[in-house]
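Structure record follows, encoded as structure tokens.
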Amino acid sequence: MEENRKIRVAITHGDTNGIGYELIFKTFAAPEMLELCTPIIYGSPKVAAYHRKALDIQANFSIINRAEDAKDGRVNLLATFDEEIKVELGQPSEEAGMAALKALDRAIVDYRDGQFDVLVTAPIHTANIKSEGITFTGQTSYIEECFAEGREAMTILLNDTLRVGLVTDNVAVKDIVPKITKERLADRISTFAQTLKRDFRISNPRIAVLSLNPTIGTEEKEIIIPTIEESIDKHINAFGPYTSDDFFARRLYGHFDGILAMYHDQGIAPFMAVTPTDGIEMVSGLPIVCTSPIQGASYDIVGKNVADENPLRQAIYLAMDVLRNRDTYDEPLANPLPKLYHEKKDESEKVRFSIPKKHENVNKEKKQ
């Protein structure tokens, strides 16, 4: 990222019958937001105007056709499709879902072309998105498919109190146990530790691993405990497994930088119970920085001007912080000094901790 350049934040409009535009309008009603970043809203000018009128609020935006035309100091609204769509506030519809997907697709293409720095996605209703040839299970998994290149992304739930990583996400309950393998768990622990170091600048993170079937299953003994021990051998501070109820009831989370939950409900339920507002979801383990507020399309409050925009604002802040942290973390590693020579020696543990023979001889002489 160039010095003294405002971070370009792409924001998809989400479900067009949901609260996405209300969150966006309210977020950028604060003038200081445009001093911090340059927003590019991927959506529809006509839909945006409809929401503005329905909400009866002041919301100015500049319509652009290409991301490279975005200007600092203004809300740039990029038209992602030309088709007319029917807006029915508070009503789920396949048309609204496809409008959300088109905005996301356009943003993904533009990111690959280097048109913006970070991506923030407004709320959708997953069941509305039905496209031939794809099985859409959520924005996180969709973005993973577009960017993972063989790697598996990881969902992290965040707020001021907790950072909860998920070993499995968007998985049916019956499929959770088969998904928890030693290889997968080791990868999740490693990814989580690296994310805490690189994205959050925690030099030596402590990770608590939650249990799966602590009393009636064999996963703890056969998979979780051995994987934690192997992670410790790799100098990762992993602890556990902890039963979820005891861990959160005793507020043990205050002693850790991150918590690794085995499945979505195990992580999201206590997360929302501890701090029910201002939750953010982040996709880690990918080259793109992607965040979103933990809010649904909220059909019951659409058009009432009561939606809380703070989670979206916090998601934007987080995305910008992560981008800066990555730049700072990567900079000293970008051009390492080359080795001028390589000293040929045995670096094994046995040699490193043994007493040199000449020292043994000295000790013998002193005794004589």
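The values are calculated or read from the model by the stated rules, or taken from the named source; none is laboratory data. Remember, it's a predicted structure, so these values are computed and weren't measured experimentally. Cβ sites come from the backbone with ideal geometry, for glycine too, and all protein chains shown count toward neighbours. Just the protein is used for accessible areas: all its heavy atoms, side chains included, with ligands, DNA and RNA removed. Shrake-Rupley method; radii C 1.70, N 1.55, O 1.52, S 1.80 Å.
Need the failing condition index for ASP160 against (1) of a type outside the set (Phe, Trp, Tyr); (2) open to solvent by 60 Å² or more (accessible area, probe 1.4 Å); (3) in contact with a strand residue (DSSP E or B) (Cβ under 8 Å, 6 or more places away or on another chain), just the number.
Among (1) of a type outside the set (Phe, Trp, Tyr); (2) open to solvent by 60 Å² or more (accessible area, probe 1.4 Å); (3) in contact with a strand residue (DSSP E or B) (Cβ under 8 Å, 6 or more places away or on another chain), ASP160 violates only (3).
In the stretch 19-123, which helices (runs of 4 or more DSSP H) lie fully inside it and hold 1 or more residues that are of a type in the set (Asp, Glu)?
Numbers: elements: 20-27, 31-36, 45-55, 94-112.
Per the criteria, 20-27, 31-36, 94-112.
What number of residues in the stretch 246-279 are open to solvent by less than 10 Å² (accessible area, probe 1.4 Å) and either over 24 Å from GLU152 (Cβ atoms) or assigned to a strand (DSSP E or B) (or both)?
So the count comes out to 5.
Kindly indicate the residue of the stretch 294-324 that is in contact with a strand residue (DSSP E or B) (Cβ under 7 Å, 6 or more places away or on another chain) and more than 16 Å from ARG163 (Cβ to Cβ) and also most open to solvent (accessible area, probe 1.4 Å) among those meeting that condition. Explain how you work it out, then say what you get.
If we filter the stretch 294-324 for residues that are in contact with a strand residue (DSSP E or B) (Cβ under 7 Å, 6 or more places away or on another chain), which is where we start, we get 294, 311-312, 314-316, 318-320, 322-323.
Pick out the ones that are also more than 16 Å from ARG163 (Cβ to Cβ) and you get 312, 316, 320, 323.
Details: LEU312: 1, ILE316: 0, MET320: 6, LEU323: 23 Å².
Among those residues, the one meeting the criterion is LEU323.
Scan the stretch 208-215 and give yes if some residue there is open to solvent by 50 Å² or more (accessible area, probe 1.4 Å) and hydroxyl-bearing (Ser, Thr, Tyr), otherwise no. It would help to see each step written out before you state the result.
Of the residues in the stretch 208-215, the ones open to solvent by 50 Å² or more (accessible area, probe 1.4 Å) are 214-215.
Among the residues that remain, those that are also hydroxyl-bearing (Ser, Thr, Tyr) are: 215.
Within the stretch 208-215, one or more residues are open to solvent by 50 Å² or more (accessible area, probe 1.4 Å) and hydroxyl-bearing (Ser, Thr, Tyr).
Taking the stretch 105-117 as the search range and keeping residues that are open to solvent by 30 Å² or more (accessible area, probe 1.4 Å), among the charged types (D, E, K, R) and over 19 Å from the mean Cα position of the chain (by Cα), which one is farthest from ILE7 (Cα to Cα)?
ARG106
Across the stretch 124-170, what is the number of residues that are in a loop (DSSP other than H, G, I, E, B) and more than 30 Å from ILE202 (Cα to Cα)?
From the stretch 124-170, those in a loop (DSSP other than H, G, I, E, B) are 124-125, 129-138, 148-153, 159-162, 167-170; that's our starting set.
Within this subset, residues satisfying the condition of being more than 30 Å from ILE202 (Cα to Cα) are 124-125, 129-137.
Count: 11.
Surrounded by fewer than 16 Cβ atoms within 10 Å (Cβ to Cβ), on the phi < 0 side of the Ramachandran plot and in contact with a Pro (Cβ under 9 Å, 6 or more places away or on another chain): is that true of LYS174 in this structure?
Details: surrounded by fewer than 16 Cβ atoms within 10 Å (Cβ to Cβ): yes; on the phi < 0 side of the Ramachandran plot: yes; in contact with a Pro (Cβ under 9 Å, 6 or more places away or on another chain): no.
No, not satisfied.
(1) open to solvent by less than 40 Å² (accessible area, probe 1.4 Å); (2) outside any strand (DSSP E or B); (3) modelled with pLDDT of 95 or more; (4) touching a strand residue (DSSP E or B) at 6+ places or on another chain (Cβ under 9 Å): which one isn't true of PRO226, the others all being true?
Answer for PRO226: the failing condition is (4).
For the stretch 69-102, which residues satisfy the criterion of being more than 30 Å from ASP117 (Cβ to Cβ) and within 28 Å of the chain's Cα centre (by Cα)?
Result: GLY90, PRO92, SER93, GLU94, GLU95.
Evaluate the following for PRO241: is it more than 29 Å from ASN325 (Cα to Cα) and in a strand (DSSP E or B)? Break it down stepwise before answering.
Working: more than 29 Å from ASN325 (Cα to Cα): yes; in a strand (DSSP E or B): yes.
Yes; evaluated as a whole, the condition is true for this residue.
From LYS102, LYS53, grab the single residue that is open to solvent by 70 Å² or more (accessible area, probe 1.4 Å) and either under 25 Å from GLU35 (Cα atoms) or without any contact (Cβ under 8 Å) to a residue 12 or more places away in the chain (or both).
On the way: LYS102 fails: either under 25 Å from GLU35 (Cα atoms) or without any contact (Cβ under 8 Å) to a residue 12 or more places away in the chain (or both).
Among LYS102, LYS53, only LYS53 is open to solvent by 70 Å² or more (accessible area, probe 1.4 Å) and either under 25 Å from GLU35 (Cα atoms) or without any contact (Cβ under 8 Å) to a residue 12 or more places away in the chain (or both).
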